[in-house]
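The values are calculated or read from the model by the stated rules, or taken from the named source; none is laboratory data. Because the structure is a prediction, the values reported are computed rather than measured. As a convention, Cβ positions derive from the backbone with ideal geometry for all residues, glycine included, and neighbour counts pool all protein chains shown. Note: accessible area is taken over every heavy atom of the protein model, side chains too, but ligands, DNA and RNA are not part of it. Shrake-Rupley method; radii C 1.70, N 1.55, O 1.52, S 1.80 Å.
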Amino acid sequence: MSDHHNHQPDLEKQQATMPKTLDNESASSAAPATYTADTGKTTDADRVGEIQRANPVLRALANFEKRLDSLNGFEAQGVERVPEDQRKPPQILNIMFLWFSVLFNATFIPIGMLGPIFGLSVHTSIILTVFAILVGSTMPAFAGTLSPQTGLRQLALIRYSMGLWGAAICSVLNVVINVGYATVAAIVGGQLLRAVSGGGMSLVVGILVVVILTFVISFFGYGIIHHYHRYAWLVAIVLLSVLWGQAYPHFSPTPELNLAAGIDYTGACLSYFAIIFGVCCSWCPIAGDYYIHYPVNTSKWLIFGLTYAGIVIPSIFVCVLGNYFGGIILTHAELSEVYHSGGVGGLILAILSPPVWGKIASVLFVLTFLADCTCNVYSSALSIQLLGKHFIAVPRFFWCTLICIVAFALAYGGRNVLESILENLLSILGYWTLAFAEILFIEHFLFRPRLGGYDLDAWQDPKKLPVGIAGTLSLLIGIGFSFLGMSQTWYISPIAKRIGAYGGDVGDELVLVSVAIAFPILRHVEIKHFGR
């Protein structure tokens, strides 16, 4: 990244020389329909307002949002760009604390358990966990540096590589990612509540409690999320540290023992690495959503460093604990039975002692899941708004409500098959987010300097944005190649079949190579023919 630093588009300089009408247009995004004084043309905000006024339901929702806007802490703004003079930056350390709150929770424990479940030793799982997290976290750390410079949400930036339609595909995929994570967190949180109640509370009710609390926080938006995340991680790290200490006596007596051998061992290593890498990389499409209020001149390396540390530290801390938990259920018959009957939540409660403390800690653990869930719901709502003006016309709080309902429905349907969800969902997520990050990186360092940087007036203008053929084709090529190397319970590719009895996932490696070759060539041709 340092080799390209001198060629990075000078966005600060560009913003200083942009037409003065930019901030005025952005400021009017929630105002009644007007026309710009200079051009007499209807703005995007005006068109959104017209859509709202033409539909009585949308008009009622918009009026309700305006009333909510008067509440302290409620965010009425949706996906619109935030100009420099309208930003309200949180403290800079909130960047790291936000990720601490999102990731210092028990959601990563069942993910880390997959290593030993795949037949790997605890020690091998730990090595793969650390390496995959260190590599995968570079993607969201880089992506997050772009939003303060532009005032745009993360997926809005991909429009400068993939055009409106390509970005819309990414929006849909991002919603799938976020809802999937929210579903996993809701299930594990529900398992904890059921375990605490001694079976008196059903898993469905426990899931519903987590989803309702998530809805309340995500409903209010950016400011409340940042305030909550600034402190939530403190409780979580204490709980997890105690869990580490109380789990230690139950750790596997043979952490170096691999159940898989030969080519099966290689396949298990590749598949587990793909899952952990995919989890870290999957934050890439949402990282910048929480940085749009930071000033343009905020150090890019500071943002990168705080994001990277914020993801790496808690991910390693919790996922390695998950590796040890995987060893526990393979070597401790009693706790294995608890896990198979009560899930991860039941296992955590069984390990914590004395019982009274275990119940208190488990309830507090549930609260730590909220930070993860709220980010997923909030960013999903923004992703939906990026699908077009008709989606922007629907207020963000409505999309948050709908996403929470969908997450509950999925958690309800998948509450008894959490391992299958993790195995099939998480590695697939890594494929497209890796392609997304690669396209964003190549566009930023290779093509934007040639095109004069980012025209921030054009973020919703299909006539000024790239046509998107190059970016969209490259994304599809990357996803297509991933199918040649993926290893899932429902599909093992021809290449993966050659790597052990259960296959070895090399989808990420094929995506990396295919997109690195395809996008520069196709984008060069696109610019040559269309000039943008």
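Consider the stretch 316-327. How many of its residues are out of contact with any Pro (no Cβ under 9 Å at 6 or more places or on another chain) and open to solvent by less than 10 Å² (accessible area, probe 1.4 Å)? Break it down into steps so the answer makes sense when it comes.
To start, the set of residues in the stretch 316-327 that are out of contact with any Pro (no Cβ under 9 Å at 6 or more places or on another chain) comprises 316-321.
Pick out the ones that are also open to solvent by less than 10 Å² (accessible area, probe 1.4 Å) and you get 318-319, 321.
Total meeting the criteria: 3.
Could you count how many residues in the stretch 100-132 are out of contact with any Phe, Trp or Tyr (no Cβ under 8 Å at 6 or more places or on another chain) and within 14 Å of Trp283 (Cβ to Cβ)?
The total comes to 4.
Please identify the pairs in which a residue from the stretch 47-61 that is assigned to a helix (DSSP H, G or I) has its Cβ atom under 8 Å from the Cβ atom of a residue that is open to solvent by 60 Å² or more (accessible area, probe 1.4 Å) and of a type in the set (A, V, I, L, M, F, W, C), counting only partners at least 6 apart or on another chain.
Sorted first by the residue in the stretch 47-61, then by its partner, the pairs are Leu61/Phe398.
On the basis of being more than 22 Å from the chain's Cα centre (by Cα) and polar (S, T, N, Q), does Ser482 make the cut?
Values: more than 22 Å from the chain's Cα centre (by Cα): no; polar (S, T, N, Q): yes.
When the stated conditions are applied, Ser482 does not pass them.
Taking helices (runs of 4 or more DSSP H) that fall entirely within the stretch 113-198, which contain at least 2 residues that are open to solvent by 10 Å² or more (accessible area, probe 1.4 Å) and under 30 Å from Ser252 (Cα atoms)?
Details: elements: 122-136, 138-144, 146-150, 154-157, 159-196.
Correct list: 122-136, 159-196.
A quick yes/no check of all residues on (1) more than 26 Å from Ser202 (Cβ to Cβ); (2) charged (D, E, K, R); (3) buried (at least 24 other Cβ atoms within 10 Å of the Cβ):
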position	(1), (2), (3)
Cys280	yes, no, yes
His293	yes, no, no
Lys300	yes, yes, no
Tyr308	yes, no, no
Val312	yes, no, no
Leu335	no, no, no
Val338	no, no, no
Leu367	no, no, no
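Could you list, in sequence order, all residues of the stretch 287-338 that are closer than 28 Å to Ala143 by Cα and small (Gly, Ala, Ser)?
Residues satisfying the conditions are Ala287, Gly288, Ser299, Gly305, Ala309, Gly310, Ser315, Gly322.
Determine whether the stretch 259-267 contains at least one residue that is modelled with pLDDT of 80 or more and either among the aromatic types (Phe, Trp, Tyr) or touching a helix residue (DSSP H, G or I) at 6+ places or on another chain (Cβ under 7 Å) (or both). Outline the logic, then answer.
First, the residues of the stretch 259-267 that are modelled with pLDDT of 80 or more: 259-267.
In the following step, the residues that additionally are either among the aromatic types (Phe, Trp, Tyr) or touching a helix residue (DSSP H, G or I) at 6+ places or on another chain (Cβ under 7 Å) (or both) were identified as 260, 265.
Yes, the stretch 259-267 contains a residue that is modelled with pLDDT of 80 or more and either among the aromatic types (Phe, Trp, Tyr) or touching a helix residue (DSSP H, G or I) at 6+ places or on another chain (Cβ under 7 Å) (or both).
Being closer than 19 Å to Ile313 by Cα and either crowded, with 19+ Cβ neighbours inside 10 Å or out of contact with any Asp or Glu (no Cβ under 6 Å at 6 or more places or on another chain) (or both) is the requirement here; does Ala261 meet it? Talk me through it step by step, then tell me what you get.
Values: closer than 19 Å to Ile313 by Cα: no; either crowded, with 19+ Cβ neighbours inside 10 Å or out of contact with any Asp or Glu (no Cβ under 6 Å at 6 or more places or on another chain) (or both): yes.
In short, no.
Where residues in the stretch 199-240 are outside any helix (DSSP H, G or I) and surrounded by 15 or more Cβ atoms within 10 Å (Cβ to Cβ), which of them is modelled with the lowest pLDDT? Break it down into steps so the answer makes sense when it comes.
If we filter the stretch 199-240 for residues that are outside any helix (DSSP H, G or I), which is where we start, we get 199-202, 221.
After this cut, where a residue has to be surrounded by 15 or more Cβ atoms within 10 Å (Cβ to Cβ) as well, the list is 201, 221.
Numbers: Met201: 81, Gly221: 62.
This residue is Gly221.
Within the stretch 264-278, restricting attention to residues that are in contact with a Ser or Thr (Cβ under 6 Å, 6 or more places away or on another chain) and under 20 Å from His123 (Cα atoms), which residue is surrounded by the fewest Cβ atoms within 10 Å (Cβ to Cβ)? Working first, answer last.
Our first condition is that a residue be in contact with a Ser or Thr (Cβ under 6 Å, 6 or more places away or on another chain); within the stretch 264-278, this holds for 271, 274-276, 278.
Checking which are under 20 Å from His123 (Cα atoms) leaves us with 271, 274-276.
Values: Ser271: 28, Ala274: 28, Ile275: 26, Ile276: 29.
Across the stretch 264-278, the extreme among qualifying residues is Ile275.
Provide a single number: the residues in the stretch 263-318 that are more than 18 Å from Ala236 (Cβ to Cβ) and not in a helix (DSSP H, G or I).
Residues in the stretch 263-318 being more than 18 Å from Ala236 (Cβ to Cβ) and not in a helix (DSSP H, G or I): 13 in total.
May I ask you to list the residues in the stretch 450-481 that are among the small types (Gly, Ala, Ser), modelled with pLDDT under 90 and crowded, with 20+ Cβ neighbours inside 10 Å?
Keep residues of the stretch 450-481 that are among the small types (Gly, Ala, Ser), which gives 452-453, 458, 468, 470-471, 474, 478, 480.
Right, trim to modelled with pLDDT under 90 and you get 452-453, 458.
Scanning the stretch 450-481 gives a single hit, Gly453.
Inside the stretch 349-365, can you point out the residues that are open to solvent by less than 20 Å² (accessible area, probe 1.4 Å) and either within 24 Å of the chain's Cα centre (by Cα) or modelled with pLDDT under 85 (or both)?
Filtering the stretch 349-365 for residues open to solvent by less than 20 Å² (accessible area, probe 1.4 Å) gives 351-352, 358, 361-362, 365.
Gly358, Ala361, Ser362, Phe365 - these are the residues of the stretch 349-365 that are open to solvent by less than 20 Å² (accessible area, probe 1.4 Å) and either within 24 Å of the chain's Cα centre (by Cα) or modelled with pLDDT under 85 (or both).
Answer with yes or no whether Phe436 is under 26 Å from the mean Cα position of the chain (by Cα), open to solvent by 30 Å² or more (accessible area, probe 1.4 Å) and within 19 Å of Ala167 (Cα to Cα). Give the derivation first.
Details: under 26 Å from the mean Cα position of the chain (by Cα): yes; open to solvent by 30 Å² or more (accessible area, probe 1.4 Å): no; within 19 Å of Ala167 (Cα to Cα): yes.
In short, no.
In the stretch 482-502, which residues are in contact with an Asp or Glu (Cβ under 9 Å, 6 or more places away or on another chain) and assigned to a helix (DSSP H, G or I)?
Ser482, Gly485, Ala496
Just name the residue that is modelled with the highest pLDDT out of those in the stretch 83-105 that are loosely packed, with under 14 Cβ neighbours inside 10 Å and assigned to a loop (DSSP other than H, G, I, E, B).
In this case the residue turns out to be Leu93.
State whether one or more residues within the stretch 508-528 are touching an Asp or Glu at 6+ places or on another chain (Cβ under 6 Å), surrounded by 21 or more Cβ atoms within 10 Å (Cβ to Cβ), over 21 Å from Gly278 (Cβ atoms) and in contact (Cβ under 8 Å) with a residue 12 or more places away in the chain.
Step one: filter the stretch 508-528 for residues touching an Asp or Glu at 6+ places or on another chain (Cβ under 6 Å), giving 515.
Going one step further and asking which of them are surrounded by 21 or more Cβ atoms within 10 Å (Cβ to Cβ), we end up with 515.
Imposing the further condition that a residue be over 21 Å from Gly278 (Cβ atoms) reduces the set to none.
No, there is no match, as no residue in the stretch 508-528 is touching an Asp or Glu at 6+ places or on another chain (Cβ under 6 Å), surrounded by 21 or more Cβ atoms within 10 Å (Cβ to Cβ), over 21 Å from Gly278 (Cβ atoms) and in contact (Cβ under 8 Å) with a residue 12 or more places away in the chain.
(1) in contact with a Lys or Arg (Cβ under 9 Å, 6 or more places away or on another chain); (2) of a type in the set (Val, Ile, Thr); (3) modelled with pLDDT under 85: which one isn't true of Ile439, the others all being true?
Evaluating Ile439 over (1) in contact with a Lys or Arg (Cβ under 9 Å, 6 or more places away or on another chain); (2) of a type in the set (Val, Ile, Thr); (3) modelled with pLDDT under 85 leaves (3) as the failure.
If I ask for residues that are open to solvent by 60 Å² or more (accessible area, probe 1.4 Å) and in contact (Cβ under 8 Å) with a residue 12 or more places away in the chain, which ones from the stretch 394-404 would you list?
Phe398
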